[in-house]
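Accompanying notes for the structure given below.
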Amino acid sequence: MAEEEAGPDALSVREVQQLVRRKDELEAQIKACYAVLEGQKGVGMNEPLVDAEGYPRADVDVYQVRAARHNIICLQNDHKALMLQVEKALHQLHAREKEKQAKDEAEAQAEAMNQNQSLPQPFARVNAVTPGSPASISGLQVDDEIIEFGSVDTHNFQTLQNIATVVQHSEGKPLSVTVIRGGKKLHLGLTPKHWAGKGLLGCNILPLQR
């Protein structure tokens, strides 16, 4: 588990949430103590509790005010210490999340590299597709790298004449074409046929040097 991997001093998300709840409780208690002071003629933390002659003020509950002031000081000290804990814990969680993200990205890159290595070597590339042509209708796009074109593949491809021969013998019949696009294999169905433009495909294919 990530909590164990992070080391004995690291706090879990649940423990951080408990700290935050404790912080909220302290803040509510501090607010309640200030409300007590406000209820005693609005005295704050520093107003004198004796009158001009040095006697305890008769208009306020001196004991209650002193208790509230003492509690506020203690609670604020606890709150300050707790905030340091929360800050440290959040920093740890952020660092662990960043570490996990970097690990995930590294694994994703390694997986992508493995996938690229497992892809067959393309033998040709599409460098032009005319809109409305059979090639365009099939979904073929510029920069698609061809690994299979009907019966022609990486192993038996020699020249573009191989593709031309397959196209001539497949007029009106669907051909299975496999390309690499964006690092992924795509299977397309291409039917060579006469259309408004030149040829039976409406695309231009260049052989790749191997």
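Net charge dipole, the chain: roughly 980 debye, given to the nearest 20, about the Cα centre with Cβ charges of +1 for Lys and Arg and -1 for Asp and Glu.
Given the Cα atoms of the chain, and with Rh set as the inverse mean 1/r over their pairs in the Kirkwood sense, what is Rg to Rh to two decimals?
When Rh is taken as the Kirkwood radius, the ratio is 1.55.
Relative to the first principal axis of the alpha-carbon coordinates of the chain, what is the inclination of helix 62-118, with its axis defined by its Cα atoms, in degrees from 0 to 90 and to the nearest 10? Taking the Cα atoms of the chain, the angle to 62-118 is about 10 degrees.
The GluC sites (Glu not before Pro) of region 135-173 that DSSP puts in a loop, and whose beta carbon has at most 13 other beta carbons within 10 Å, are GLU171.
What fraction, in whole percent, of alpha-carbon pairs in region 154-210 exceed 12 Å separation? More than 12 Å apart: 73 percent of the Cα pairs in region 154-210.
Tell me, what is the 1.4 Å probe accessible area of TYR34, in Å² to the nearest 10? Looks like 90 Å² after rounding.
Normalised per residue, the accessible area of region 1-159 is 69 Å², obtained with a 1.4 Å probe and no contribution from ligands, DNA or RNA. Dividing the mean sequence gap of close Cα pairs (under 8 Å, 6+ apart) by how many residues the chain holds gives a relative contact order of 18 percent. When a 1.4 Å probe is rolled over the protein heavy atoms, the share of accessible surface on the chain that falls to carbon and sulfur comes to 52 percent.
The values are calculated or read from the model by the stated rules, or taken from the named source; none is laboratory data. Not measured: the values here are computed from a predicted model. Positions of Cβ are backbone-derived with ideal geometry, glycine not excepted, and every protein chain shown enters the neighbour counts. Note: areas computed on protein heavy atoms with side chains; ligands, DNA, RNA excluded. Shrake-Rupley method; radii C 1.70, N 1.55, O 1.52, S 1.80 Å.
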